[in-house]
Amino acid sequence: MLKKFTPLVAVLSLGISAFAEDTPMEKEMGTMNKAYKALKKSIEDPAQKAENLKFIAQIKKTNDAASKMEPKTLADQPAAAKAAYLEKFKASMADFGKHVDALEAAVNAGNTAAAKAEFDKLNELKKKGHEEFKKD
Ligand code: HEM
């Protein structure tokens with residue numbers, strides 16, 4: 001009895017794992033999330049400049065990669081709205097990238113107050129980006 005069902009269970013679990021697999025963008029975002037969380041602990045410590053620059057470089061790299069990808073929510077847009085939606089997404093990612101550059105410049109200059117302000121700005125843009133382009 002159990003034997004008979006084993007292939008079915010195997011097929012079902014394969015299906016579930018395929019469903020649960022991260023999209024390429026989710027993978028990039030996951031990397032960005034780790035770097036961002038790590039940075040949170042040290043961004044106000046100028047003595048950790050080298051570490052901070054390393055995390056910022058990771059955020060930059062993942063942002064560049066994710067900017068070239070398509071969010072899952074693109075599939076839910078009506079055909080006529082897809083191009084504009086994708087443009088808007090790319091513009092938001094580009095704006096985020098500008099603030100990552102500003103954060104890098106502030107850390108390089110040893111300007112802790114400016115670095116903290118840019119760090120907080122990234123959080124604001126993340127929330128806005130998720131509201132606009134991410135499903136729950
Ligand atoms: C500090 C900045 C950010 C962090 C830490 C972050 C983090 C994350 C995390 C943890 C996920 C979920 C990954 C998963 O489910 O495995 C995610 C997904 C996503 N994020 Fe971000 N995010 C940031 C900025 C942004 C920005 C600026 C945008 C858009 C302008 C954005 C758009 C998205 C989208 C669209 C998804 C869903 C992925 C998909 O559609 O495949 N994120 N993000």
Inset, instruction - On a 0 to 90° scale, report how tilted helix 2-20 is relative to the longest principal axis of the chain, with both axes built from alpha carbons and the result rounded to the nearest 10. - result: 30 degrees
Legend entry - Degrees between helix 112-133 axis and first principal axis of the chain (Cα, 0 to 90, nearest 10): 30 degrees
Inset, instruction - Tell me what the chain gives for mean residue ellipticity at 222 nm when only DSSP H runs of n ≥ 4 count, each as -39,500 (n - 2.57), the sum divided by the residue total, rounded to 500 deg cm²/dmol. - result: -27000 deg cm²/dmol
Inset, instruction - Would you mind pulling out the separation of the Cα centroids of the stretch 30-94 and the stretch 112-132, in Å? - result: 11 Å
Inset, instruction - Please go through the residue pairs 41/88; 40/82; 49/134; 40/98; 40/68; 54/82 and name each one whose alpha carbons sit more than 30 Å apart in this structure. - result: 41/88; 40/82; 49/134; 54/82
Legend entry - Rounded, prolate or oblate (a/c below 1.5 giving rounded, otherwise prolate when a/b exceeds b/c) for the chain by Cα gyration tensor: oblate
Legend entry - Tilt relative to the chain, helix 49-67 - C-alpha long axis, 0 to 90 degrees, to 10: 50 degrees
Legend entry - Relative contact order (percent, whole number), the stretch 22-133, Cα cutoff 8 Å, 6+ residue spacing: 30 percent
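Coordinate-derived values only; no laboratory data. Not measured: the values here are computed from a predicted model.
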